[in-house]
Amino acid sequence: MLEEQHDNLQDADGKLNSDLNESLPTSNEVEAYPATAENVNQNALNAIDESNAEEGEDETLRDRHEIPLLDYDTLSMEALVEELQKLVATDKVMSIKEHIDEIKKAFLAKYYHFIEEKKEEFHNENPDTTEDFQYHLPLKSTFDHHYTAYKNKKNTHFKSLETNLKSNLENRLAIVEELKELINPQENIKDTLKHFNELRERWKSAGPIPKDKYNHVWNNYHFHVENFYDILHLDREARDVDFKHNLEQKHKIIERVAILAEEADINKAFRELQDLHRIWKEDIGPVSREHRDTIWNQFSDYTKQIHDKREQLFEKQRGNEVENLSNKKLIIAEIEELGTVKVSTHSLWLLQIEKVEALRTAFFNAGKVPADVNEETWAAFKTAVRNFNSFKNSFYKDIKKDQNDNLAKKNALVAKAVELQNSTDFAVTTPIMKKIQEEWKQVGHVPRKYSDKIWKEFKAACNHYFNQLKEHKSEENAEEIEAFDKKKTYLESLREFQLVGEHKADLEAIKAHIETWKSFGRVPQQRRHIEGKFNKILDALFDKLSLSKKEGDMMRFANRLDNLSENNDTRKIENEKIFIIRKIDEVQNEIFQLENNIQFFTNTKNAKKENSIVLEVRKNIAIHKETLDTWKEKLEQLRNLNQE
């Protein structure tokens with residue numbers, strides 16, 4: 001079957017000049033599509049032509065549609081390098097060009113911003129330095145490595161492509177020239193048709209050509225193919241069969257495009273539409289003149305529908321970009337505002353810095369903005385952050401003197417800790433070391449470059465001392481356990497002790513038991529309940545003696561004080577002192593109230609009748625005074641204990 005390649009020329013099928021020596025037409029003389037659709041649907045058709053011309057130059061570009069184009073502005077530098085590495089690993093060099101360009105732009109913007117901040121930090125910390133600022137980010141080296149690999153692959157691809165494009169263009173132009181010379185009335189028609197079909201096969205396999213020559217060369221080729229059909233006056237029956245077949249094929253394409261017009265995935269529909277236009281133009285021959293405009297108008301109308309939907313999608317994306325721009329402007333305004341708020345403490349500055357970091361993250365996550373304002377928006381963002389940092393740094397410059405003073409204080413504490421770290425006088429040194437640690441906590445920040453060093457020195461000295469203290473306490477603990485075991489055994493034997501009934505002998509025996517108990521020493525903290533059991537036995541023995549209440553009470557108190565003193569329990573001793581002082585106040589108040597009551601009764605007319613009541617009150621006063629003397633004596637013993 002005789003097949004033509006394309007019928008998209010308005011003057012195809014016999015309307016061309018029949019002069020066999022007609023020269024090759026210019027691009028203005030050859031129309032890309034029939035005039036009936038040109039004005040209405042031209043934008044859609046141009047978009048298809050442009051994409052097909054681009055992919056006609058480099059067939060690998062068709063694969064770019066399968067690689068998602070991410071919103072790279074929202075990714076971190078680490079994520080961008082990871083995406084770059086993944087893309088460069090593919091062989092589709094030109095398919096990833098747009099992706100790589102976007103990654104490069106996003107990465108370098110964030111990298112240079114990062115370096116600017118590090119440079120600013122360096123000069124703020126070293127205002128008098130003459131050294132040049134240097135900062136090495138390993139991630140940048142990794143980025144450069146992968147990007148260089150991409151450039152090398154792209155250059156290799158371009159060199160190969162450039163050679164092939166030039167050769168293929170020359171080959172196709174030669175085929176067009178042969179078509180121009182093909183028509184020879186003296187030549188046998190069969191030989192001419194054979195030569196014609198050979199030229200068409202050579203054309204199909206001629207390979208890609210430069211995109212700026214694509215449409216012009218294709219249209220010239222079809223111009224001379226159509227000219228060949230019309231000038232030779234081919235067999236009408238064979239031509240009609242060919243036209244019918246081509247019409248069926250084009251109807252199938254139109255049916256498919258009608259379905260694509262309803263496709264939800266607009267980009268997918270447009271990509272397939274490109275392929276269908278390429279097939280319509282390159283693989284299917286012409287149809288009869290009576291159907292030509294009709295089917296072409298149907299095809300171009302559906303093309304416009306898909307194109308319009310694609311434009312709506314782009315418009316929506318542009319709307320999103322405008323919204324992103326608005327959000328980014330608000331973020332920039334917030335950062336600018338924070339760059340004017342004065343705060344006076346380090347903790348408040350940390351909150352301000354945290355807010356700016358959150359806004360920076362929000363800026364990077366806000367998405368793309370219109371391309372024509374991208375650089376302007378990025379510059380405004382950098383300026384806002386830089387101004388905030390300058391404002392912040394002015395505060396830290398003011399407190400740098402305080403930090404140096406703090407450094408001197410901490411160095412003094414380090415020296416003191418180092419001096420005491422080998423001390424074995426634990427009773428004296430431990431409170432001092434704890435006080436040093438508390439003082440360290442109270443001292444403020446020091447310059448960052450010294451912070452880790454002095455902290456390690458201080459921590460090492462403290463750890464050394466307290467490790468020794470821990471070992472010492474472990475040794476003491478063994479002695480305390482031994483004392484507990486002795487007291488436990490002695491307590492069992494004491495339960496069998498009986499008074500002989502002679503006051504002096506019994507009192508001396510009890511005192512001897514107390515001294516023996518003390519001689520065993522201190523018991524572990526968690527086992528001091530045994531002291532309570534011993535005291536209960538003493539209380540029972542004291543109750544059996546004919547002691548005065550005060551005498552028994554004072555003996556019990558003396559034993560209690562001995563226990564507190566032995567265990568060096570300063571907290572309980574202090575609590576005991578507070579308790580006794582409170583009791584003294586209470587008893588004195590009671591005495592004062594009772595004495596007021598006596599005054600009331602003695603002033604009444606019936607004082608004699610109330611004499612029994614007055615006597616009772618006086619008796620209570622005497623009891624309270626005796627109690628008061630006991631409490632005061634306890635307080636005196638307690639104070640003597642503190643002085644010791």
- Query: Assuming R0 = 41 Å, what is the FRET efficiency of LYS619 and ARG639, from their Cβ-Cβ distance, to the nearest 0.05?
  - Reply: 0.85
- Item | Spin-label pair GLU438/GLU255, simplified geometry with 7 Å Cα→Cβ offset, distance in nm | 9.4
- With every protein chain kept in the model, how would you rank SER493, SER95 by accessible area, 1.4 Å probe, largest at the top? SER493, SER95
- Query: Once the whole set of protein chains is in place, how much accessible area is left on LYS86, using a 1.4 Å probe, in Å² to the nearest 10?
  - Reply: 110
- Task: Keeping every protein chain in place, order GLU321, GLU482 by accessible area at 1.4 Å, biggest value first, i.e. largest first.
- Result: GLU482, GLU321
- Message: Not counting ligands, DNA or RNA, and with a 1.4 Å probe, what is ASP132's accessible surface area in Å² rounded to the nearest 10?
- Response: 130
- Task: Report the accessible area of LYS409, computed with a 1.4 Å probe over the heavy atoms of all protein chains in place, in Å² rounded to the nearest 10.
- Result: 120
- Item | Extension gain (nm, one decimal) between VAL428 and LEU545, 0.36 nm per residue minus Cα-Cα | 37.9 nm
- Note on the structure: Under 15 Å by backbone N from the virtual spin label 7 Å along Cα-to-Cβ at ALA362, the residues of the stretch 307-328 are 324-328
- Using 7 Å Cα-to-Cβ label points, what is the PHE133/GLU626 separation (nm, one decimal)? 8.8
- Residue separation between GLU98 and TYR450 times 0.36 nm, minus their alpha-carbon distance, gives in nm 122.0 nm
- Note on the structure: In whole Hz, the Karplus estimates of ³J(HN,Hα) for the stretch 320-333 (6.51, -1.76, 1.60; θ = phi - 60°; x where Gly or Pro) are 4, 5, 5, 5, 4, 4, 4, 5, 5, 5, 5, 4, 4, 5
- Measuring from label point to label point, each 7 Å out along Cα→Cβ, what is the MET554 to ILE514 span in nm? 1.1
- Between the stretch 237-313 and the stretch 416-470, the alpha-carbon center distance in angstrom: 85
- Pulled fully out, how much extra length does the chain show between SER347 and GLU198, if you take 0.36 nm times their separation in residues and subtract their Cα-Cα distance? 45.3 nm
- For the stretch 190-204, take each phi angle, set θ = phi - 60°, evaluate the Karplus expression 6.51 cos²θ - 1.76 cosθ + 1.60, and give the result in whole Hz per residue in order, putting x for glycine and proline. 5, 5, 5, 5, 4, 5, 4, 5, 5, 4, 5, 5, 5, 5, 4
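The values are calculated or read from the model by the stated rules, or taken from the named source; none is laboratory data. Because the structure is a prediction, the values reported are computed rather than measured. Every residue, glycine as well, gets a Cβ built from its backbone with ideal geometry; the counts of neighbours run over all protein chains shown. Each accessible area value is taken on the protein alone, full model and side chains, heavy atoms only, with ligands, DNA and RNA left out. Shrake-Rupley method; radii C 1.70, N 1.55, O 1.52, S 1.80 Å.
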